[in-house]
Amino acid sequence: MVATTNPRRRRLALAMAGGLFGTALPAAAMAAKCGTAPAWADALRRDLDRMAEELTRTLRPWPVPDQVFEPESYGLATGAKGALATPAIQRAIDACAAAGGGTVRLGRGDYVSGTIDLRSGVMLEIAEGSRLLASTDLADYPERRARRPTVQDSNMGMNQSLIFAEGCERVGLAGKGTIDGRGTKDNFPGEQTTGSTPGRPFLIRMLDCKNVVISGLRMRDSPCWMQNYLNCEDLIVDGIHVENQVNHNNDGLDIDGCGRVIVRNVFINAEDDGLCFKGASQRNGENILIENCEFYSTCNALKFGTDSQGDFRNVLVRNVVLGGPSDAMRAVRRRKADGGISWETVDGGTLERVLVHDVRIVRTESPLFLILGDRGRVRPEQKRPGPGTLRHIVYDRITGEDNGVRGSFFIGIPERRIEHVLLRDVQLAMAPAAGPAPDPAKIPDGRGLYPDPHMFAAVMPAYGLWARDVRHLTLQRVRFTSAGRDARRALIAPMACTLA
């Protein structure tokens, strides 16, 4: 295709060049396919708007009883520098639960603690000006093994945390104070692998809980993941500020197999995944609203995966900025995000009915990434599943700039293709690649690979969007631009089109 800098002529060239899309379409068929959005997408928008309205109306913080418990009243020696506050905090939590619930308040400065077990009916508050400081002695984190083992337990060794809750109802963390994990590599040098993470506790881990509220806090510097909510129902995460750029596996927020979820007014800057949904619980994650947030990461800013054993559906993301950390933000490794929005299913689960709209993507190598693969990771005693399903995905009103060279890509496998994807009103600016376009035939299909965008190639065949093994891909008013001369095409996709 002849290069052109005129935006109108460039869009027209994209629409007319049949070879650009993998399969040439007659003009009449192209107009019919791309003139209006597919009916399923409009129905999905209506359904998810109704879901968001219902969640907003019905999912509210649980009423905390009007009684306050302080560790200073349960044996905490005030003024004892360096003394562990763990026993006194735990006694206050236990007393609060026994009294029918209320607030356990840390409000008199710094509290150094190891593992704390939350109870039903307890809201742990870190008040403004106070800090909960994680102990730097690994011996202060006794193991808490899940009563119901999941894929996380068999593959990651996730048994230590600062705050732990299992099987609780009406539980949470709140306040204007700070939880500081002090998780530097000097304090917690546990090895990094894509499997187990020994020697590095989480800050927060909640399993099989109902009515969970996480509100207002500042969280920083976990030795590993910042927070993990697994198989929880009625989960609200609102107004928290997360800085997790100090060690390996520094995820910002991981939500696994949870139903009825609101993530709102949240800021995350993470070394690993920013906001990450998972299916390792082997339960469904569904009915989820994400709005008015900022997610920054040097891995994936917003993601489902890699564990995708359970189904993930009915998700609305709106009014979000995401991508890599700016120069003004902390970063362990200064680089662009590997992926902006990364939807991945490689362990047999179904990923469907996801709508993302009014989102700005900045400083990413692959702003949009979809993969349907066949890794098949489950618990050792379970039968390996076959490929899952990835379908009914909408990106609407997506903009972005200052992105890298790799490009967005959607990739399935021949025997199980991605189905029904719509891009509408998308404008993404990319940096140009210096070399020639890679051969698409040499790009692996991801079978058995760990599913992150960088696992395939440093530069993809198209600088805008490349798609393979995708059925029913529709593009409306989509424009990819390059900041300089690039040997690659803007778009290579089967049976797709753009409209000026």
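Considering (1) open to solvent by less than 10 Å² (accessible area, probe 1.4 Å); (2) of a type in the set (D, E, K, R); (3) over 13 Å from the mean Cα position of the chain (by Cα); (4) under 26 Å from Ala431 (Cα atoms), the lone condition that Asp347 does not fulfil carries the number (4). When Val426, Val394 are checked against the criterion of being under 22 Å from the mean Cα position of the chain (by Cα) and over 17 Å from Ala301 (Cβ atoms), Val394 stands alone in meeting it. If we keep just the residues of region 439-495 that are assigned to a strand (DSSP E or B), of a type in the set (D, E, K, R) and in contact with a Phe, Trp or Tyr (Cβ under 9 Å, 6 or more places away or on another chain), which is least open to solvent (accessible area, probe 1.4 Å)? My answer is Arg468. Within region 413-427, identify whether any single residue is within 28 Å of Asn155 (Cβ to Cβ), in a strand (DSSP E or B), in contact with a strand residue (DSSP E or B) (Cβ under 8 Å, 6 or more places away or on another chain) and among the β-branched types (Val, Ile, Thr), and answer yes or no. Yes, some residue in region 413-427 is within 28 Å of Asn155 (Cβ to Cβ), in a strand (DSSP E or B), in contact with a strand residue (DSSP E or B) (Cβ under 8 Å, 6 or more places away or on another chain) and among the β-branched types (Val, Ile, Thr). Checking every residue in region 212-222 against the condition of being in contact (Cβ under 8 Å) with a residue 24 or more places away in the chain, open to solvent by 20 Å² or more (accessible area, probe 1.4 Å), among the hydroxyl-bearing types (Ser, Thr, Tyr) and out of contact with any helix residue (DSSP H, G or I) (no Cβ under 9 Å at 6 or more places or on another chain) gives at least one match.
Checked across region 283-294, the condition of being open to solvent by 10 Å² or more (accessible area, probe 1.4 Å) and within 26 Å of Arg406 (Cα to Cα) holds for at least one residue. Here are the criteria: (1) free of Cβ contacts under 8 Å to residues at least 24 places away in the same chain; (2) open to solvent by less than 20 Å² (accessible area, probe 1.4 Å). Tell me which single one Pro189 does not satisfy. Going through (1) free of Cβ contacts under 8 Å to residues at least 24 places away in the same chain; (2) open to solvent by less than 20 Å² (accessible area, probe 1.4 Å) one by one, Pro189 breaks only (2). Inside region 71-100, residues that are surrounded by fewer than 19 Cβ atoms within 10 Å (Cβ to Cβ), in contact with a Gly (Cβ under 7 Å, 6 or more places away or on another chain), more than 18 Å from Ser120 (Cβ to Cβ) and not hydrophobic (A, V, I, L, M, F, W, C) make up a count of 1. If you go through region 350-380 and pick out every residue that is open to solvent by 30 Å² or more (accessible area, probe 1.4 Å) and under 19 Å from Gly310 (Cα atoms), you end up with 5. Of the strands (runs of 3 or more DSSP E) lying entirely inside region 280-376, those carrying at least 2 residues that are of a type in the set (Val, Ile, Thr) are 285-297, 312-323, 337-345, 350-362, 364-372. Restricting to region 86-138, count the residues that are more than 22 Å from Pro61 (Cα to Cα) and assigned to a loop (DSSP other than H, G, I, E, B). Adding up the residues that qualify gives 9. Criterion first (at pLDDT 95 or above, within 17 Å of the chain's Cα centre (by Cα) and in a loop (DSSP other than H, G, I, E, B)) does Cys276 satisfy it? So Cys276 does not fit the description; no.
On the stretch given as region 401-456, residues that are within 18 Å of Glu365 (Cβ to Cβ) and β-branched (Val, Ile, Thr) total 4. The criterion of at least 2 residues that are in contact with a Ser or Thr (Cβ under 8 Å, 6 or more places away or on another chain) is met by the following strands (runs of 3 or more DSSP E) wholly inside region 158-203: 161-166, 169-174.
Condition check for Pro385 on (1) under 23 Å from Ala493 (Cα atoms); (2) surrounded by fewer than 19 Cβ atoms within 10 Å (Cβ to Cβ): one failure, at (1).
The values are calculated or read from the model by the stated rules, or taken from the named source; none is laboratory data. Keep in mind the model is a prediction, meaning the values are calculated, not measured. Heads up, the Cβs are rebuilt from the backbone with ideal geometry, glycines too, and the neighbour counts pull from every protein chain shown. These accessible areas exclude ligands, DNA and RNA; they are computed on the full protein's heavy atoms, side chains included. Shrake-Rupley method; radii C 1.70, N 1.55, O 1.52, S 1.80 Å.
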